[in-house]
Amino acid sequence: FVVTRAFHSYGAFDTNAIENIQNAQKAGFSVDATSVYMFPCTTKSPSAQQQMQWMINNLTVYGLQYNMIWIDVEANPKA
């Protein structure tokens, strides 16, 4: 399986996710074996919920298919 980052800890969509997901699926990883993760930024607006929606919207706009969203929750040493 593959899990690629789709949202940066500083609060932005990770555009590398587009190519990473496309390449993984071209290499034979099924949609069921493709997941994304986000590291929500808790020190800025918008809310984590809005950040999640932004990430999902970006993935949808690019027609990317994935099975699961993982949420990375940890202290950000740069915050």
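The values are calculated or read from the model by the stated rules, or taken from the named source; none is laboratory data. Since the model is a prediction, treat every value here as computed from it, not as a measurement. Neighbour counts are summed over all protein chains in view; Cβ atoms, including those assigned to glycine, are modelled from backbone coordinates with ideal geometry. Surface areas here come from the heavy atoms of the whole protein model, side chains and all, with no ligands, DNA or RNA. Shrake-Rupley method; radii C 1.70, N 1.55, O 1.52, S 1.80 Å.
ILE18 sits with roughly 30 Å² accessible to a 1.4 Å probe, with DNA, RNA and ligands left out of the calculation. The residues VAL3, VAL36, VAL61, sorted by heavy-atom accessible surface at 1.4 Å with ligands and nucleic acids left out, run VAL61, VAL3, VAL36 from largest to smallest.
Tilt of helix 48-61 relative to the longest C-alpha principal axis of the chain, in degrees (0 to 90, nearest 10)? Relative to the chain, helix 48-61 is tipped by roughly 30 degrees. A cut-off of 5 Å between modelled amide H atoms, ignoring neighbours fewer than 5 places along the same chain, links TRP70 with VAL36, TYR37, MET38. For the chain, the longest principal axis of the Cα atoms and the long axis of helix 16-26 meet at an angle of about 20 degrees. Placing +1 on the Cβ of every Lys and Arg and -1 on the Cβ of every Asp and Glu, with no other charges, gives the chain a dipole of roughly 140 debye about its Cα centre. For the chain, with all protein chains in place and a probe radius of 1.4 Å, 53% of the accessible heavy-atom surface sits on carbon or sulfur. Heavy-atom accessible surface of TYR62, to the nearest 10 Å², is about 110 Å², with a 1.4 Å probe and all protein chains retained.
Accessible surface area normalised per residue over the chain is 65 Å², counting heavy atoms of protein chains with a 1.4 Å rolling probe.
The mean of 1/r over all distinct Cα pairs in segment 15-79, once inverted, gives the Kirkwood hydrodynamic radius of 12.9 Å.
Here the relative contact order of the chain, from alpha carbon pairs under 8 Å that lie six or more residues apart, stands at 36 percent.
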